[in-house]
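The values are calculated or read from the model by the stated rules, or taken from the named source; none is laboratory data. Given the structure is predicted, the values throughout are model-derived calculations rather than measurements. When the accessible area is computed, the model is the full protein with side chains, heavy atoms only, and any ligands, DNA or RNA have been set aside. Shrake-Rupley method; radii C 1.70, N 1.55, O 1.52, S 1.80 Å.
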Amino acid sequence: MYGHTKDRRVRGRMFRKWFKRKHKRAESYQLSQVSDGGEDESADYLDDILFQSIEMDPCTSTSELRIFVGTWNVAGRSPRGSLAVDLDEWLNLKDAADMYVLGFQEIVPLKTRNVIGVEDPTEARNWNLLIGKTLNEKFGCPWSTPIVHPISSENYNYVQLSELEPEITREQSRTLQEKPNSVSKYKLIASKKMVGVFISVWMKSELVRKYNISNVKVCSVACGIMGYLGNKGSVSVSMTIERTSFCFVVAHLASGEKKGDEGRRNHQVAEIFKRTAFPRSSSDDDIPHPLTILGHDRIFWFGDLNYRLYLEDNSARQMIKKLDWTALQEFDQLRREREYGGVFQGWKEGALEFAPTYKYSSSNCNRYSGGLPGRSGEKQRTPAWCDRILWYGKGVTQLSYFRSESKFSDHRPVSALFSTQVDVEQSTNPRMVSMHTILPAIQTPKEIMQSNSDEEASSTFLSLIVKDFEESPTQNGSCIEQIDDSGCS
């Protein structure tokens with residue numbers, strides 16, 4: 001397995017000469033006691049000693065990755081106008097994260113033609129353009145960002161290390177010619193759209209180069225009308241960073257505040273758990289990846305989950321006026337699902353220390369819908385925390401959880417910043433180093449050192465042998481230089 005028999009014997013003899021001289025006073029290491037089986041067995045034995053001496057157990061360290069997770073129901077509106085300012089405020093770029101994982105709902109109006117028609121990638125592309133521009137322009141790299149290829153329910157975009165050159169428009173090309181040294185601060189890792197549900201995952205370019213990012217996969221689950229249309233459902237991204245697997249699930253669940261509507265939401269959650277899958281493919285690498293949501297190390301579930309309050313409208317509004325978020329949380333449906341054996345039992349969420357995010361009267365309005373008697377054409381909705389971010393798994397610490405104040409839609413965007421642990425493998429070979437790495441050919445130690453001078457740091461063991469031989473040339477050097485198939489003993 002590690003070379004021809006002749007090479008093994010020669011390497012064994014070289015090592016035995018050194019080993020014998022170093023341990024001739026230690027009876028427990030006398031090689032004569034293990035040479036009764038013949039020359040080949042001695043060589044094999046010494047090879048075994050050598051392998052045991054340099055065996056490399058997997059060595060891992062932990063790195064911190066700061067992940068920004070955000071969710072926003074944009075009520076079918078296209079990304080234009082003053083939204084760039086709102087996006088900048090939402091992404092909190094003053095305290096930039098390592099990764100941005102953004103989930104959107106209703107990026108297209110939930111009309112029949114959008115729900116049952118062919119997927120149109122236009123709005124997803126426009127959102128990715130705006131996100132990339134916002135992330136990178138903040139750091140002096142305007143437009144130097146990848147544009148996603150057409151996105152459908154069957155594919156996604158993943159920026160491979162070998163494909164970091166973005167596809168650019170004429171406008172971007174001119175910008176890059178003016179700033180030839182500009183480099184994107186963030187790269188698009190994955191993007192996925194299903195009707196109005198959309199996810200966009202970005203990572204700092206330096207970390208894309210630094211970490212081994214593998215097995216990036218996506219999945220969509222439609223569980224809206226009749227249980228199988230995409231007006232409601234989820235899109236998910238699975239990826240492995242070094243030795244830690246991540247899953248990001250963006251969901252838009254059933255609406256409604258009537259009694260029993262929470263049961264429809266719970267059923268959809270169960271369907272998403274059951275039907276989300278990341279099957280293996282022929283293009284996968286050797287690193288195993290989870291096949292289901294709960295198989296991942298770190299899981300984030302976020303979106304317009306639509307859980308409401310078990311509370312009358314007037315009572316809820318009174319608590320909101322008092323800013324009594326602690327009392328209001330006691331009536332939150334999602335909290336009960338987490339704490340009392342529901343579909344999200346065991347999942348975690350930060351404290352809700354901000355006002356309910358839904359439903360506002362209209363865009364450019366800071367007033368909750370309803371509550372004004374006699375106002376015609378306005379839906380009566382009890383305010384609720386519909387937009388939420390949950391997580392599951394160890395190695396996750398939430399640093400912040402807040403809402404932004406954009407009036408772009410009838411929902412307020414919500415975001416959370418997390419510190420997550422990533423297990424990084426230090427050893428390039430978790431098993432063991434071949435003897436060829438130490439003694440690659442039948443050479444004198446001096447020749448070996450000369451041919452591997454640039455790898456001196458990785459040849460410490462060999463350097464020790466050579467140093468000992470060079471210190472005693474009359475005892476060992478002449479014998480080593482004369483090694484051939486007949487040996488020198």
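Could you state the number of Å between the C-alpha centres of region 328-357 and region 232-278?
Each part's Cα centre sits 16 Å from the other's.
By accessible area of protein heavy atoms, probe 1.4 Å, what ranking do D304, D297 get, highest first?
Result, largest first: D297, D304.
Please give the contour-minus-distance gain from E312 to H267: 0.36 nm per residue of separation, less the Cα-Cα distance, rounded to one decimal in nm.
Contour length minus the Cα-Cα distance gives 13.8 nm.
Taking just the C-alpha trace of region 288-370, give me its Rg and Dmax in Å.
Reported Rg and Dmax, both Å: 15.9, 53.
Over region 285-371, what is the mean sequence separation of C-alpha contacts under 8 Å (at least six apart), divided by residue count, expressed as relative contact order in percent?
Across region 285-371, relative contact order equals 18 percent.
In what sequence, largest accessible area first, do K185, K359 appear using a 1.4 Å probe?
The residues order as K185, K359, largest area first.
Keeping all protein chains in place and using 1.4 angstrom, which order do Y186, Y358 fall into by accessible surface area, from largest down?
The most accessible residue leads, giving Y358, Y186.
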